[in-house]
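Read-outs throughout are calculated quantities, based only on the coordinates presented, and are distinct from any laboratory measurement. Since we're looking at a predicted model, the values are computed, not measured. Ideal geometry is used to build each Cβ from the backbone, glycine not excepted, and the neighbour counts take in all protein chains shown.
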């Protein structure tokens, strides 16, 4: 299926999509305080990740945003559709996040 099928009235098969799940223990490993870099649109803004049942919550000073799990190290920030990727060390400990 390409993006033009719907435009031209062609039949489209919708894929079966399931939400990924991680054990709560892994979600808890992401909990903590983080800070955006100086090149972020709100420079050096601090935020916190909090493990909720089946997802992470990004808490900023002004609001909270759920992070939807895409893979064990990738998330979708739902408010602005940002792509969040966890950086891990050799032992699998989260040492940073990349937000695009």
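Where does the chain land at 222 nm, in deg cm²/dmol rounded to the nearest 500, when only DSSP H runs of n ≥ 4 count, each adding -39500 (n - 2.57), divided by all residues?
Values: 1 runs with 7 residues, N = 100.
Value at 222 nm, helices only, nearest 500: -1500 deg cm²/dmol.
Starting from the 7 Å offset along Cα-to-Cβ, what nm value, one decimal, do you get for the label separation of residue 98 and residue 50?
About 2.9 nm, to one decimal.
May I ask you to derive the relative contact order of the chain, considering only C-alpha pairs under 8 Å and at least 6 residues apart, and to give it as an integer percent?
Computed over the chain, the figure is 15 percent.
Taking the Cα-to-Cβ direction at residue 24 and at residue 90 and moving 7 Å from each Cα, how far apart do the two end points lie in nm?
A separation of 3.3 nm, rounded to one decimal place.
Once both labels are modelled 7 Å past Cα along the beta-carbon direction, what's the residue 12-residue 42 spacing in nm?
3.3
For mean projected area of the Cα convex hull in nm², the listed values are [x] 11.1; [y] 8.7; [z] 7.4; which was obtained by calculation from the structure presented?
Here the calculated entry is [y].
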